[in-house]
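First comes the structure, then the notes that go with it.
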Amino acid sequence: MLTAQVFMDYLQQHGAFHGPPNVILLKSGMLSDAYVNQRIFADEEKHAEMLRRIGDYIMGVKAALDVDIVVGIKTTGAIFAKYADSDHVIFNPHDGNTLSGDISGKRVLIVDDTSTTGSSIKKAIESCRDAGTTVVGVLVTVRRDKNVTAESLELGENGKLIVLANIGFDIVTEDISTDELFAASTLVQGLIARKYQMREDVGYAAIRQWRTLVLPDIIYVGEPTVKG
């Protein structure tokens, strides 16, 4: 049986989970002490066994909610959906919020990997409803913010939010000024604007006296070189 502990241990073993004492500047501009990268599952051959376990987990939820079809949010959510439903449909929030197939009249389960603000999920819910479906549930493998709930996603009275694993969402602001937060956020937005077209070795950015490595979609901050 797939549990939160088993799943998070797997991510950590494969270098896809970073926790305290690191500080992560997310692409949303928020700082946190935890970061999960589920894009590792793009290598389906390497992670085939775990993907099968995730698929079994989703199939159990699908049966419990009497779901007709699974809709996976591109990219990783769509990979997960494939292992649970051969007839799955892909929702693409990066291409006009499109759906890859006709799902009108269906009872739908939406699958995503990591939920921070829930914005992509809300877009998927809206698109599915516009396509004439009943969204009976949303499943995320990792929820970063516990404020993302069935209510905040507007799933309705009977809509369910299923979460495999929760991780902390401690916003780190101590000893970092508003100007520095703004500068860091601006840098991240710049990376987004360039569609992540940056090599890991391009260069370094200084945020106060923290050692920072610029990555495609986050700024990874290690131990501070100087405190105070």
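FYI, it's all coordinate maths here, none of it is from the lab. For clarity, every value in this text was computed on a predicted model and none was experimentally measured. Cβ atoms come from the backbone with ideal geometry, glycine included; neighbour counts cover every protein chain shown.
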For the stretch 29-115, listing GluC sites (Glu not before Pro) in a DSSP loop whose Cβ sees at most 10 other Cβ atoms within 10 Å gives GLU45
Loop GluC sites (Glu not before Pro), the stretch 87-176, which have at most 15 other Cβ atoms in a 10 Å radius of their Cβ (DSSP):
GLU151, GLU154, GLU157, GLU174
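In this model, which of LYS82/LYS123; LYS46/LYS106; LYS46/LYS82 are farther than 25 Å apart at the alpha-carbon? Present the calculation step by step, with values, prior to reporting the outcome.
Details: LYS82/LYS123 20 Å; LYS46/LYS106 33 Å; LYS46/LYS82 16 Å.
Listed pairs above 25 Å: LYS46/LYS106.
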In the stretch 108-168, what trypsin sites (Lys or Arg not before Pro) fall in a loop by DSSP, with at most 15 other Cβ atoms inside 10 Å?
LYS146
